[in-house]
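Everything on this sheet refers to the single structure shown next.
Just so it is clear, none of the values below were taken in a lab; they were calculated from the coordinates. All of these numbers come straight from a predicted model, not from anything done at the bench. In this analysis, Cβ positions are derived from the backbone assuming ideal geometry, glycine residues included, and neighbour counts consider all displayed protein chains.
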Amino acid sequence: MSKPTSLKDALAKWEDRNKQPASTAIEIGLQFQYPPIEKMDPILNSLTECQKLSLSSNMIEKISGISGMKNLRILCLARNNLKTLNGIEPLGETLEELWVSYNNIEKIKPIESMKALRVFYISNNVIKDWVEFMRIAIPPNLSDITFVGNILSENMEPAAFTAEAVRRLPNLKKLDGEPVIR
């Protein structure tokens, strides 16, 4: 088994491919690294201009090293090994979209600190109860979520889950890709 790809190596390869320094890039995609990236580290803080960062389809277990990413608007961490959203808090004022579908997330408390968040894709995780789900109601601008494939929604009839989710989240405009009709 080869050792995981470091963010430093992944960024160096990205720079070679894109003929530009990562530190000036607005959009950076480091998905599908082989071997996969396992750790987010403080090198991410050098990506000060980055507005969209994709680290999808790796083996990242926790969110870290992003406190300096002051311009980040979209963070894609789908298809990793995340269990929580801990570490996302430094982006509370700026992050607009968080994509974390296909992980092992059960608890989402840090979502409560996300003031700018509009889009939250958390389908196919392991959220079990309405208490966790209701944390989605706290970010004031959050209006588009995907939630299908979580234990909570899978244990109910789809129409019943949708009705309950819409009732509990008055700001919701889109659920699982469908416009919310009230």
Quote the FRET efficiency, to the nearest 0.05, computed for Gln20 versus Ala160 with a Förster distance R0 of 41 Å and r equal to the Cβ-Cβ distance.
0.25
Here, Asn86 and Asn104, labelled 7 Å along Cα→Cβ, have an inter-label distance in nm of 1.5
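Arg182 to Lys115: FRET efficiency via 1/(1 + (r/R0)^6), r the Cβ-Cβ distance, R0 30 Å, to the nearest 0.05? Walk me through the numbers on the way to the answer.
Details: r = 25 Å, r/R0 = 0.82.
According to the calculation, E is roughly 0.75.
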Can you find, among Leu82, Pro4, Gln31, the residue farthest towards the positive end of the dipole of segment 1-151? Put +1 on the C-beta of Lys and Arg, -1 on that of Asp and Glu.
Pro4
Size of charge dipole - segment 55-122 - debye, nearest 20, with Cβ of Lys, Arg +1 and Asp, Glu -1, no other charges:
40
Suppose every Lys and Arg Cβ carries +1 and every Asp and Glu Cβ carries -1, with no other charges. What dipole size does the chain come out with about its Cα centre, to the nearest 20 debye?
180
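Express in nm, to one decimal, how much length is gained between Thr48 and Lys174 on full extension, taking 0.36 nm for each residue of separation and deducting their alpha carbon distance.
Working: separation 126, 0.36 × 126 = 45.36 nm, distance 3.08 nm.
In short, 42.3 nm is gained.
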Taking only C-alpha pairs under 8 Å that are 6+ residues apart, what is the relative contact order of segment 1-109 in percent?
21
Centroid-to-centroid separation of segment 19-57 and segment 129-158 [C-alpha atoms, Å]:
28
Crossing angle, helix 158-168 versus the chain [Cα axis fit, 0-90 degrees, rounded to tens]:
90
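Relative contact order of segment 40-182, please, whole-number percent, based on alpha carbon pairs below 8 angstrom and at least 6 residues apart.
Working: 337 pairs, mean separation 22.8, N = 143.
Taking the mean separation of contacting Cα pairs over the length of segment 40-182, I get 16 percent.
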